[in-house]
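Where a number appears in this text, it was derived from the coordinates with a stated rule and is not lab data. Only a predicted model underlies this, so the values are computations on that prediction, with no experimental measurement involved. Heads up, the Cβs are rebuilt from the backbone with ideal geometry, glycines too, and the neighbour counts pull from every protein chain shown.
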Amino acid sequence: MATPFAFVPRAVFKYTKEWQGISRPPPSPSPPPDPTTDSEPEDDEDDRSNTTPDKVKGKEKAIESVHSKQSNIALDIASLISLALSDYNIWLDADLRWKLNACLGDETSPDEVGFVPINYLLRRTPFRSSLPLASGQPDPSETEVVRALRTHASHTLEVRMRLASSSSASAPPASVWYGTGKTSRKKDVGGYEVRRRDWSTLRDRLSCGWSRARWDDMTAYMECIPPQYRTVGGIARFAETLLSLSSGPETDTDMEPCLRVQCVTLPPHYLDKPGDMPKCKGYALITFSTKSHVEAVLRAWPWRRRRVLGPAHTDASPIAREAHKYGLRMISKARWDVLNGEYLLYKQYLVDEMARTQVQIHHTGEDATEHERDEPTALPHPNPETETEAETQTTPSSPYPFGCLVFVRNVHPDTNKTTLKSLFAQAFQDGSSLDYVDFNRGMDTCYLRLASPHHVTRLIEYFGCDARRKAQVHGLDATGRTPVQDDKPIAMERIQGKKEELYWEKVPEKVRRQAVNKVIKTQLAPGTESSASPTTNGQQKRTREP
């Protein structure tokens, strides 16, 4: 009988860390050429030897970048699941707290006690709103979550697979999460579950009587966080590492490091709109598990920055050096609340001061009555008798363009210049008629600089007509709507005389000259109504000859 052919699998080349070196090793000296062989194959071999390592290195860098991002996502997954099962989140989430109390109180099936379906946690805060996924990237599957937990959080969390047969049992812990009916949460059946390794003491911890004031005492404000840690999961790991470096003998160190950080809160930015998900701008509120943890990090990273590294910032810790490089500093939440209140008061003071300045400019040179101040919408409309005065001729020697300024009231305080320009451009056929929108965020008034006095008249007539009166519904409303109920319609007034002079005094000279030149070009343009308008002397303006 013939010997059967032995199957030998083809060797598959795998990239190793040797290709990831910073520089390639010098090439070994090539042997002398064989005169009996052709030289062309040798040239081809040289070309391959020169190009292959570079191509491999480029691929290796791309692969390494992808692996690094995947590793960071896995770390964030583990941190977010840990935060979802922290004492703070259990206290905050009423539904999670009730279900845990129900299953922890059952003593008939100890193997079922304390487990929470992973699919349940994936649908809730903080996991669902805090995982940094790229645009179009799908949510992680349960398998990916389990892999991340077993790799990065196995010392604090226990993971198991729940079989479909065990989920149909009548055990009270299972009925708490999956229900008792045949169709209750079918998609959770057969999934994975996770519980804290200290589940036996969890029921006692839940009955400690937590309160908001107690959690605030264990919260610190962190500022100037290094960019590579600016996610909820990254900040949690960053704070845990800093706490490990800052912990002294008086710090409670018998708790697992993953449970030392209870919550990471991102304060909203002042430019965020209602309902927007806050993004990390370099600062966050960190809630720790004990008061000693807060005191330890506050001592190590005080609000007044150190010029040199402290005793806790050893040279062996790159994270501490990164924190010092970016100027990390921390204060207690109580002190942060005081400073934040002072900041809000100062911000409101600046807004009120700008409003007073605008009102002073508007009312300078006229005797306004209290009724006129209380009724901002009752503005006089231009008439043909005053149009002649408004359309004063602008010459190259004019200090500013005459009759090209409009004061607008009742715009939305959260709007912006682009939206306002689109809104007011409805009165014209082109966008060049509206030269500039002078608006400060938070104000309900603005100034408009137009290309000519004729455009001012057209703008005021357009928005002054009762059939076309408009009100801004929200900050990004670029079309407006007919005022209803309590809506304040947009009101406009042509600025002339002393008020106009005071306004243009605050404008840089270069900008004033550009505005004057633009008005002159508009007046000289053929086919425009302004080119045939009467002057203040009652003489007909001379038109350009063809």
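General remarks:
- Cross-link table Lys273/Lys333; Lys273/Lys488; Lys273/Lys510; Lys470/Lys510; Lys281/Lys499; Lys498/Lys521, entries beyond 32 Å C-alpha to C-alpha: Lys273/Lys510; Lys470/Lys510; Lys281/Lys499
- Charge context of Val232, other residues only, Cβ under 12 angstrom, K/R +1, D/E -1: +3
- With a cut-off of 15 Å between beta carbons, the residues surrounding Val473 carry a summed charge of 0, where Lys and Arg count +1 and Asp and Glu -1.
- A simple count of charges around Cys208, restricted to other residues whose Cβ falls under 10 Å of its Cβ and scoring Lys, Arg +1 and Asp, Glu -1, yields 0.
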